[in-house]
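The values are calculated or read from the model by the stated rules, or taken from the named source; none is laboratory data. Because the structure is predicted, anything quoted here is derived from the model rather than measured. A quick note on method: Cβ atoms are made from the backbone with ideal geometry, for glycine too, and the neighbour counts reach across all protein chains shown. Note: areas computed on protein heavy atoms with side chains; ligands, DNA, RNA excluded. Shrake-Rupley method; radii C 1.70, N 1.55, O 1.52, S 1.80 Å.
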Amino acid sequence: MQTRRNEISRHPLVIRGYVGGRFTDASPTEEIAVIDPATEQRVATLYESSAEEVDRAVIAARTAFDRGPWGRATVAERQKALLAIHDAILAHAEELAFLETINTGIPLSQTRNVHIPRAAYNFRFFAEYINQAGGEVFTQEPGLMSLVTYEPIGVCALIGPWNMPLGLTAMKIAGALAFGNACVVKPSELTPLTVTRLFEIIEGILPEGVMNLVNGRGPVTGTALVSHPGIDMVSFTGGTVTGSAILASLAKGIKGSAMELGGKSANIVFADADFDQALDAALMSSFMNNGQMCLAGSRIFIERKIAERFIDAFSRRVGALKIGDPLQEGTEIGPMINSAQRERMARYAESGLSEGATLLCGGHRFSGLATGYYFEPTAMLAPSNDVAICREEIFGPFAAIQVFDEEDEVIAKANESDFGLVGYVWTQDLQRSMRAASALRTGTVLVNTPIIRDLRTGFGGYKQSGLGREGAKGSQAMFTEMKTTIIARAPRTLPRMGAGA
Ligand code: TXE
């Protein structure tokens, strides 16, 4: 793998758009370096899609949807294509995991065991789901039959983030295609490698124009895409500030959207919890994926009776996390995506100290490696829920711990947040877990389990964590228009207007 990495840094890959069934050959208006965050070397050159290329991609999708075979494809035909994409991903799993790791800095063990299998599973899940998903029929009104059916929405703009590039973008692509749409995909300009490779390995599976790719920065390619009149909706995963800007732009055209935004999820550990499981899970929820997860449970609340023991054990384990080259076996923490994210970590560590938090471990740029955007996994004990490290999404290997005494108090603090993505609860008391689950203002509550996404259920957030839900019915709502058809089953008794007395 090191050999392959060296080869790529000597001959960086070229990232181009894919429009109407082929990679584009237009000369680039802008070339952007795509960097391996562990080596700081260029691994690809991204040819930015101009507004003109975005226009061609949307027209290709529009034409495929309005006039091509995909909009009329049977469920069996769509299933066949989705399963073929699933198989293609698994057939290239090792290569995709390698590309994801050299582009994101996320340890290979995680891209190989979590990201890529999940990307493939998204396609299989939706292939199976559409075989059962249907509409509704209402017959309560005598003489009438009301049908609710779900039709494809049209052309979907799918904008992906950099923290799980293929897994999260594949979720959008699989959902959009399953329900019969055409799409234009825009991965993050920081991490285009695996999504581009996906377009190569599924060549020939879909009719041309059904799936298109544009690449580039948010303010250039992203803006051109979301403001294009030819798109019918945007499904976005990314930061809350960007999500809000996209929503403002969509308001002009009254376009639909689904927004999967940030989080600051509370991880509440009561004294009666299974201590070892809660500890393992707190580490996983804060430091998996280099801590760069929207559903990170890194705002940790520990009940006072076990606080000292828990904080000691947690700090020791954080201090022992294995930082290193993400391609290397055994690495638990790789580099941040770029130097800006690393500086952000440092700023939060400083802000924590200046607002009265205690540094338990980490807090600095990692100096053990000559290259790479590494930051030490960090834990701080916060003086209150009001400080920035407990309020703002940090998006890196950074846990903020608070101590609590009462159930009501901790639920209130967990809900004191602009976000509402996930709430984690650790307790052996069934009734307390049920009370907490209903009191937490979050889209998902996880009881006695760390991060888990079950595609049969909806995933998304309350408050500033987003709009809409991804997963079975949620994706159906996102990628379809609901149509009502009302049919008279017998002649109706109607007022005879204008027919005289
Ligand atoms: O993401 P952006 P950034 C959070 C996290 C992170 C912060 C900023 O806190 O620190 O967001 O990250 C595209 N029109 N998350 O700035 O900007 C962009 O090109 C259309 C949480 O890197 O949200 C990329 O494809 N598109 C998160 C995508 O939006 C635009 C994952 C995400 O980029 C655009 C990532 C525009 N005006 C960051 N501007 C999660 N929820 O998992 C940008 N983009």
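What to note about this one:
- Among beta bridges that DSSP assigns inside the chain, antiparallel share in %, nearest 5: 40
- Summarising the label geometry, the points placed 7 Å from Cα in the beta-carbon direction at Arg304 and Asp280 lie 3.1 nm from one another.
- Positive-end residue of Val137, Val114, Gly68, charge dipole of segment 1-138 with Cβ unit charges: Val137
- Taking the accessible area of the chain, probe 1.4 Å, and keeping the other protein chains in place, the carbon and sulfur fraction comes to 52%.
- Electrostatic dipole magnitude of segment 278-372 [Cβ: Lys, Arg +1; Asp, Glu -1; Cα centre; debye, to 20]: 160
- FRET E, pair Arg489, Glu77, Förster distance 45 Å, beta-carbon r, rounded to 0.05: 0.85
- Rel. contact order, % - alpha carbon contacts under 8 angstrom, at least six apart, segment 173-269: 22
- When peptides 296-303, 145-152 are sorted by average Cβ neighbour count within 10 Å, with the highest value leading, the order is 296-303, 145-152.
- Cβ-based charge dipole, the chain, positive-most Cα from Leu96, Ile306, Ile205: Ile205
- Candidate aspartates and glutamates - alpha carbon under 20 Å from Lys252, same-chain residues fewer than 8 apart omitted: Asp55, Asp232, Glu481
- Those aspartates and glutamates that a straight Cα-Cα span of less than 16 Å connects to Lys264, excepting residues fewer than 8 apart in one chain: Asp386, Glu392, Glu393, Glu416, Asp418
- Rounded, prolate or oblate (a/c below 1.5 giving rounded, otherwise prolate when a/b exceeds b/c) for segment 81-131 by Cα gyration tensor: prolate
- Placing +1 on the Cβ of every Lys and Arg and -1 on the Cβ of every Asp and Glu, with no other charges, gives the chain a dipole of roughly 1200 debye about its Cα centre.
- Segment 1-136 shape via C-alpha gyration tensor axes, a/c threshold 1.5: oblate
- Per-pair calculated FRET efficiency, R0 = 25 Å: Ser384 and Arg432 via Cβ, rounded to 0.05: 0.60
- Separation between Cα centres of segment 37-110 and segment 472-501, rounded to whole Å: 39
- Glu343/Thr3 FRET efficiency (R0 35 Å; Cβ-Cβ; nearest 0.05): 0.65
- The mean accessible area for residues of the chain, using a 1.4 Å probe and ignoring ligands and nucleic acids, is 42 Å² per residue.
- Amide H contacts for Phe398 (H built 1.01 Å from N in the peptide plane; partners 5 or more residues away or on another chain; cut-off under 5 Å): Thr378.
- Shape class of the chain from the Cα gyration tensor (axes a ≥ b ≥ c, square roots of the eigenvalues): oblate, since a/c reaches 1.5 or more and a/b does not exceed b/c.
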